[in-house]
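Comments concern the structure below.
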Amino acid sequence: MITIYSHSTDPYYNLAFEEYIFTALREEDVFLLWRNRPCVVVGSYQNICREVRFPALRQRGVPVLRRISGGGTVYHDPGNVNYSLITRQESGGADYGPGLSLILEALGAAGVPARRDRTSDLVIGTEKISGNAQRVAGGRLLHHGTLLFDADLEALEELSVRGKGGHIRSRGTPSVVRAVTNIRPHLAEDMTIEAFQERLLDYMVPDAACRLEPTAEHAAAAARLAEEKYHSWEWTWGKTPAFTCHRSGILGGEPVTISYQARKGVLSAPRIDSPLIDGGRAAALLDGARLDPAELEDVCRILAGEHAAALWEMLL
């Protein structure tokens, strides 16, 4: 088994780097460790509007990205370690047992009292420290997950747990909400996150000769994939499962009801009933609009003026 270092904390680059290694390196088993600056990452089949709280994302300046595997929504920050285990798998569906067993052995060697719970979670006691997901393609298996070492759990709660979008009706895969904890407080011997990563590598890739730096080709291909795919609206929003939105509330002290449908990230049959908004104009501007926070914000400024921010929050 080899490892290839990513020294970046750019989530777009790191998701692209992982995908590139998964698809381009055909012969070697690979173990990756990487960390991101704050971001929220949703599963391939999830509805972003149901999984995240856009007002909190905007306030914190945190982006949302979509990954290539299924599973639920996760929060990344520099206190969270992401791992990727890439191995051969010629046939068969998802089987979390082998990958989780190996990761549990590595965690045990690092002094982490973790165990497997449910299909794809790792816990300490009853609290989750790791969510995992898989993708099988081209005879290769990508098994990856988070390891909450010293993450900002308050931000995790605010951005991706609290206030899930109950106004959204969708076939997209919903996340399972569970209590979480960080690994660090449970260690008998305290260590830095860098030391923790080194312990994991010592177990998974003990041979120093198998610890590699990315080539110029690797880095260029990952950067290109990040720009063309992970930064694109088509990947992040265009893959949103079809859904309907219906919600009521108060806008500028007056009652408001909003409804629309969305398919492949494009709105249809929009309706806004409010004394403060021209319903016909709203329907004309929103019908065919893309499900994109920046674009919808522009529409809200036109329709609602000083109440644009509140309308934007209700649309998403």
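The helix-only estimate of mean residue ellipticity at 222 nm for the chain, built from DSSP H runs of length n ≥ 4 each weighted as -39500 (n - 2.57), is -9000 deg cm²/dmol after division by the residue total. Shown are 192, 240, whose ranking by accessible area with a 1.4 Å probe and every protein chain present, most to least, is 192, 240. Each principal axis of the stretch 230-293 carries a Cα extent, and these read 39, 20, 19 Å when sorted largest first. Taking the C-alpha atoms only, the angle from helix 193-204 to the longest principal axis of the chain is near 60 degrees.
Excluding same-chain neighbours fewer than eight residues apart, the aspartates and glutamates reachable from residue 239 by a Cα-Cα span under 20 Å are 18, 19, 51, 227, 228, 287, 292, 295. The phi-based Karplus calculation (6.51 cos²θ - 1.76 cosθ + 1.60; θ = phi - 60°) puts the 3J(HN,Hα) values of the stretch 227-239 at 6, 6, 10, 6, 8, 8, 5, 4, 7, 6, 9, x, 8 Hz, whole numbers, x for Gly and Pro.
In order along the stretch 134-139, the Karplus-derived 3J(HN,Hα) couplings, from 6.51 cos²θ - 1.76 cosθ + 1.60 at θ = phi - 60°, round to 9, 9, 10, 7, x, x Hz, and Gly and Pro are given as x. Put simply, the C-alpha atoms of the chain give a gyration tensor, and the ellipsoid matching it has half-axes of 39, 21, 17 Å, longest first.
Counted over the chain, the DSSP beta bridges are approximately 90% antiparallel. For residue 110, nonlocal amide neighbours, meaning residues 5 or more places apart or on other chains whose placed amide H falls under 5 Å from its own, do not occur.
Just the projected area, averaged over all directions, of the convex hull on the alpha carbon atoms of the stretch 166-297: how many nm²? Don't skip to the answer; put the middle values down first.
Values: hull surface 55.4 nm².
For the stretch 166-297, averaging the hull's shadow over all directions gives 13.8 nm².
Amide H contacts of residue 8: none lie under 5 Å away among residues 5 or more positions distant or on a separate chain (H built 1.01 Å from N in the peptide plane; Pro and chain starts excluded).
Given just the C-alpha atoms of the stretch 5-53, how large is their convex hull per residue in cubic angstrom? Mind showing how you got there, number by number?
Details: hull volume 4.5 nm³, N = 49.
In the stretch 5-53, the Cα convex hull volume per residue is 92 Å³.
Between the listed residues 201, 72, 15, the Cα displaced farthest toward the positive end of the dipole of the chain, a dipole computed from Cβ unit charges relative to the Cα centre, is found at 72. Which residue, chosen from 123, 258, 240, occupies the Cα position most advanced towards the positive end of the dipole of the chain, where the dipole is computed from +1 (Lys, Arg) and -1 (Asp, Glu) charges on Cβ about the Cα centre? Positive-end residue among those listed: 258. Plainly put, the stretch 176-220 has a radius of gyration that is 1.16 times its Kirkwood radius, both from alpha-carbon atoms, as the Rg/Rh ratio. Computed from backbone phi, the HN-Hα couplings of the stretch 105-118 come to 5, 5, 5, x, 5, 8, x, 9, x, 9, 8, 7, 9, 6 Hz, rounded to whole numbers (Karplus: 6.51 cos²θ - 1.76 cosθ + 1.60, θ = phi - 60°; Gly and Pro given as x).
The H on the amide N of residue 180, modeled in the peptide plane, is under 5 Å from the matching H of 128, each at least 5 residues off or on a different chain.
The values are calculated or read from the model by the stated rules, or taken from the named source; none is laboratory data. What you see is a predicted model, and the numbers here were worked out from it, not measured in a lab. Here Cβ is always computed from backbone atoms with ideal geometry, including for glycine, and neighbour counts include all displayed protein chains. These area figures cover heavy atoms from the full protein model, side chains too; ligands, DNA and RNA do not enter into them. Shrake-Rupley method; radii C 1.70, N 1.55, O 1.52, S 1.80 Å.
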